[in-house]
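Notes for the one structure printed next.
Derivation of every value follows stated rules applied to the coordinates shown; laboratory data play no part. Everything numeric here is computed off the predicted structure, so don't read it as measured data. Glycine gets a Cβ as well: all are built from the backbone with ideal geometry, and neighbour counts include every protein chain shown.
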Amino acid sequence: MSFRQERAPLDPSVPGERPGGTPDARPEWSPGKGTGAYFVAATLACVAALAATYFFFVRTTTGQFIDESALVEAVQLSGTAGKAATKLLDWLPTISVVIASIVVVFVTILRRRWSAAGIAIAACLGANLATQILKDLLPVRPYRGVQTLELNSLPSGHTTIAASAAAAVFLMVAPRWRPLAGYLGGSFAVATGVSTLINQWHRPADVVAAFLVVGAFMIPAGWLILRRGPSWNVWNGYNEHWASARLWVALPVLTGLVAAGVAAYALLSLGPGGQEISTISYFWAGTSLIVIAGYLATVASIWLFGVATRRRAPN
């Protein structure tokens, strides 16, 4: 007599099993899966761009001249705009910490995203610590025939505070809120960077370098948060919620294009040999560089995290 062990019928709803009785070789999708290479590439791009920014704007004559000219010409806007920018910078650390703390605490307690909060805060602290270390370790500005302060001011500490706080909020909120959070946070960081230039605290390259430092820390932190929180890091794409409308992507793109036009016009206003027709051409070019870099990072972040968290149809 032979005995056959009967097998319970397969449940099609169980991951890893097919109705035909064969295991599904393809693993179940989860946020961030299959996109790790994108996050690695984005992180490496930030590091490479940071090195290139330092080399060109600090180590070369042309870069020093452009950067320093933008800083010097900011004196022309030292009136009402300068006073407003000073107030923003004076309150910036408090504003950044308060806003980020409120959002992080609210999301952590009500949504119980404890690991996400720890990762975001650690990355935020790491970015700000790295900025201060770079200020101390990077060599002073070498003399290249340009009259400038020799001390190193790259990256901008105020911009790092603002950008890292905005990035922490971006990582902590649900995906459907990230387009709006990215636009508002990017605008806050850009406004901070422009304010440091208007007040002659930092050159444009210092601000761009701060954006890149924040990106180098927050991008890998974001990937970890996606993998640690698969239950809430999902969405159905743009326009499923007013905070995920494509408007929040279109606005930074349009603003960046306008800034590119301003930069082109400002540079075209330079006469032969770099002689200026306008007395603030380099300032507008430097401001445009900050706007373009800030909003480019905003759009790239929204796209990257959108790709990593959008629900995929089962195969």
- Query: Extent of the stretch 99-150 along each principal axis, from alpha carbon coordinates, in Å, largest to smallest?
  - Reply: 57, 19, 11
- Query: Expressed in nm to one decimal, what extension gain is obtained for the pair ALA41 and ALA250 from 0.36 nm per residue of sequence separation less their Cα-Cα distance?
  - Reply: 72.8 nm
- Which whole-Hz couplings ³J(HN,Hα) result when phi for each residue of the stretch 128-136 is put into the Karplus expression 6.51 cos²θ - 1.76 cosθ + 1.60, θ = phi - 60°, listed in order with x for Gly and Pro? 5, 5, 4, 4, 5, 5, 4, 4, 7
- Using r as the Cβ-Cβ distance of ILE109 and TRP242, and R0 as 30 Å, what FRET efficiency do you calculate, to the nearest 0.05? 0.75
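List the chymotrypsin sites (Phe, Trp or Tyr not before Pro) within the stretch 107-203 that fall in a DSSP loop (any state other than H, G, I, E or B) and whose Cβ has at most 13 other Cβ atoms within 10 Å.
Numbers: sites: TRP114, TYR143, PHE170, TRP177, TYR183, PHE188, TRP201; in loops: TYR143, TRP201.
Listed in order of number, the matching sites are TYR143.
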